[in-house]
Structures are given as C-alpha cells and as structure tokens.
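Undergrad: What follows is a structure written as structure tokens; I'll ask about it next.
The values are calculated or read from the model by the stated rules, or taken from the named source; none is laboratory data. Values in this document were obtained by computation on a predicted structure and should not be read as measured data. Don't worry about glycine lacking a Cβ; one is built from the backbone with ideal geometry, like all the others, and counts go over all protein chains shown.
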Amino acid sequence: MKYHSHSADGQKADFSEALLASLAPDGGLWMPDVIPEFNDEDLVRLGAMSYADCAAELAQYFVDEQFSDEDLEYICSDAYNFPVPLKTAQGIILDPATPEKSEDYFLELFHGPTLAFKDFAARFMGRAASHIMENTGETRTILVATSGDTGGAIGDAFLGQDGIKVFILYPKGGVSTVQEQQLCTMGGEDSNVKAICIDGTFDDCQRLVKQAFANGDLSKKHNLMSANSINVGRVIPQSFYYFWTSLQLKGAFPNLPIVYSIPSGNLGNLTGGLIARRMGAPIERFIIGNNMNDPFVDYLISGTYTPRASVPTLSNAMDIGRPNNFPRILNLFKGVHTDIQGACWGASFSDAETETHIKKIYNETGYIMCPHTAVGHLAMTEFANDIQTPFIRVTVATAHPAKFQESVERILDRKIPMPRALQLALEKPKRMHIMAPNLGELADYLSAHTD
C-alpha cells in the first residue's frame, strides 16, 4: 500500500515510511492511495472471524512488504487480547445468534489495559513500529500530545521497548486526576516514558509537537515520531472495530440500518469509521457529538470550517478547537460538503446537559457513562427524535467512567467501582516535568533525556 500527502499527491510513502515519519515532508497528513472495498461474500466471511483475525486480514491491505500475513496475525492477536462488546444499557451483550430485541447499544471500547478506546490504535501501532525497527535497527523519539487518554495508551504500548523514548505532553489542569496518574506513573525512574506537564491548553501541546516536527534540525537530531492521530498508523486501526462490530450487528439485524454516534475531538475516531464505511461496512451514518468545542459540528451545519481556541469542559479529552483530522475527512470526500453531510450529522452540548444526561440514564437503567460517552449518547438521542423508522443505534463508549471518578461521583452522588489497573496507578508517586509551551524548553529537555 502506498500513501500520499493530503496536500500534495506527488509525495508518496510506504506504510512503514509513513508510520515512522508521521507527517509528509510538506507537513501534510498521510492518506492511503486506495481503500479496499469488500463485496457481500467477503463481508459474511470477515464477520464470521474473531475480532483479532478480522483486524489482521484488514491490515493486509494497508501495510507493505515488511509485514507477512503471519506477522499481522501475531501483532493483532497480541494487541487485541481483550473483549470488544456491544452492550445494552441493561448490561446484555449482543450475541448475533440470539440477539436481544434492543435497538440501542453501547460499543464499549474501554476494556484494554488503559481502559480507553485509544488502546486499539496504540497497541497495533506500537507493535507495528517495533516490528519495523527490529528489521532496520532504527531508533525513535516519540512526541505525543494528549487531552486525556492518548498519552496513557501510547505510553503503555511502547513502555520498555528498546530504541524508543516516549515524551507525553499534557495540559496542566486539563486531564482528570486518574488520567494524570496514569500518564505520570509509567515505569520507574529510568522509564523510557516521560510525562511533561505543559502550562497551557491541549491546543498548546498539539502546537508544540507540530513545531518540533517542523524544525528540521530538531526532528532529525531525535528521529522524531508522532503517536497522535496525525500519524496514519493511529487512524487505520480505528477502522477495524467499526468494520467488525457493524458486521456483527448486520448478522443480528439484517433488515435494519445501523448508525454509530461518536463523541468527537480530534476526529481520528470518526476518520477510522468513515474508512470502514468506504470499505463496505454496513453503516448508514455517523452521528458526531461535540462538547462546546464544536468547529466540526459548525462545519456540518454551515459548510464553513472555523478553528478556534479550545475551552475547558467536563469532557476534557474532546477540548480541541483545531481537530487534526479534519483535512483527512475533506480528502476522503474530495471536499464536497454535501457528501460529508450525507455521511455525518452532528450536535453539541453543554456541561449542564451532559451532567443531566449521565444522571438520567443511570436513574433509568443503572448504566454509568463517562462524560464523553454521555455526549455521544446525547447526540444519538437528539438525532433519533427526528427519525420515524427503526434503526440500530450504537453509541461509542470511549472510556471507563472511573477514569473521570471525581466528576462522575459528584454527578451521581455515589461511589463508582475503581478497576484494579487504575487503583494501582493511583497508589504510585507521580513523576512529571512542568514547562511552558516553548519549543526551546522542549528541545533542551529532549536533549537532556535522549543524549
């Protein structure tokens, strides 16, 4: 598979080159030249596979000759050793052989090691990068900006790997207490994963990473690699769970359209879903739930994209005013606004509306949502109010509610269970470096910890 820069088709790369380089030489985002399309017979066959086997077969179409079929089977079986359940609010897991007659599901993507959907992409990416580097002997310094869950997932995926150092930039006061504990407690004093607390917003973190990559000397000195969703190695694996789960739903409900609602920030999750839809996944439409950082929802309504400074909200991982993957979505649809509207519908919600919805669903069903999942479910609820015919509703549950323990417990006025992985992180001392969003300070810190 060849990849091209979204801003200059003349710039090409293999998957391995695109993964390790992160950005094209012109600063553009890598996009696959060809997205495979599967017929009905293929879809039935792929839907009958396990998740890991389906992911391995799909990956064959996006990688290069450095990966054999056996390599991908190992990578995916090792990466995806946790469940991918579709669950009703009452806790019933979908079984295509004996489906419940519910039209409302949560796709729980928080059963991986860091209890967030970012584990799916991070674990594939980490194993793929290690495979490439084992063959080439290269080293890499990973810079990753996080608004909450990305840093934890990337840190876990690359922890202890030879030849790789990871620097996680997160905004001061911009992640939950539990998220910060995860970011700042990975490994020991000599860990290859370092946390950097930036005195600013997530947009400042993201801008600092981009400045580092744009600085040719700095990028070359440290062999910089991004693990944010600007890296196509993050986006491609996110298409796999939309593809596979939609086939499970189609098997259970062959005559009903399927709609997914995605709580959205940087739009990488949505981009993965749109790629899956292009491959033939039976997904009618995507609903986009934004908090008050809603430039993409505004674009869907008006056709005008206006990035802006982010504002802090309850659903902090979505506090992004300049979503990185917007250019990829434009590229997929050749910039035709009406086609994007045909595939996507969006709405945005305040913190007060989010809190009310978390309480409402808990009081009605006992199901506990994190604030991000609540925004997605709110968007699905609003969309469904205008639809008269039945359809299958799938809200993407992006993180375990315990990752936002303080907020969720305050909203529900009750204690929520703390998974063991998070409890262990809370018991460890934090280690982080605090700095201003300044490229010179970042360069000095990288040199001090990589030279």
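Undergrad: Just to be sure I understand, how many residues within segment 85-130 are farther than 20 Å from Ile262 by Cα and surrounded by 24 or more Cβ atoms within 10 Å (Cβ to Cβ)?
TA: 6
Undergrad: Looking at segment 1-33 only, could you name the residues that are touching a Phe, Trp or Tyr at 6+ places or on another chain (Cβ under 9 Å) and aliphatic (A, V, I, L, M)?
TA: Residues satisfying the conditions are Met1, Ala13, Ala18, Leu19, Ala21, Leu23, Ala24, Met31.
Undergrad: Another question about this same structure. So Ser191 passes all but one of these: (1) hydroxyl-bearing (Ser, Thr, Tyr); (2) assigned to a loop (DSSP other than H, G, I, E, B); (3) under 15 Å from the mean Cα position of the chain (by Cα). Which condition number does it fail?
TA: (3)
Undergrad: What number of residues in segment 382-401 are part of a helix (DSSP H, G or I) and crowded, with 22+ Cβ neighbours inside 10 Å?
TA: So the count comes out to 1.
Undergrad: Failed condition for Asp78, given (1) touching a residue at least 40 places away in the same chain (Cβ under 8 Å); (2) outside the structural domain of Met380 (by TED's automatic domain parsing); (3) buried (at least 24 other Cβ atoms within 10 Å of the Cβ), with all others met?
TA: That leaves (3) as the condition not met.
Undergrad: Inside segment 1-94, counting only strands (runs of 3 or more DSSP E) that do not spill past its ends, which hold 1 or more residues that are over 28 Å from Ala116 (Cβ atoms)?
TA: The strands (runs of 3 or more DSSP E) meeting that bar are 2-5, 8-14.
Undergrad: Of (1) under 24 Å from the mean Cα position of the chain (by Cα); (2) surrounded by fewer than 20 Cβ atoms within 10 Å (Cβ to Cβ); (3) not hydroxyl-bearing (Ser, Thr, Tyr), Leu23 satisfies all except one. Which?
TA: That leaves (2) as the condition not met.
Undergrad: Only residues in segment 149-171 that are within 15 Å of Arg431 (Cβ to Cβ) count as the first member; pair them with residues that are outside any strand (DSSP E or B) and of a type in the set (Phe, Trp, Tyr), Cβ under 6 angstrom, at least 6 apart or cross-chain, and list the lot.
TA: Val166/Phe158
Undergrad: Listed residues Thr395, Thr306, Thr389; which is modelled with pLDDT under 95 and farther than 22 Å from Thr177 by Cα?
TA: The unique qualifying residue is Thr389.
Undergrad: Which count do you get for residues in segment 26-38 that are closer than 20 Å to Lys220 by Cα and more than 20 Å from the chain's Cα centre (by Cα)?
TA: So the answer is 2.
Undergrad: Taking the conditions exactly as written (part of a strand (DSSP E or B) and hydrophobic (A, V, I, L, M, F, W, C)), does Ile142 satisfy them or not?
TA: yes
Undergrad: Filter segment 215-242 for residues that are within 23 Å of Ala157 (Cα to Cα), assigned to a helix (DSSP H, G or I) and of a type in the set (A, V, I, L, M, F, W, C); which is nearest to the chain's Cα centre (by Cα)?
TA: That would be Val235.
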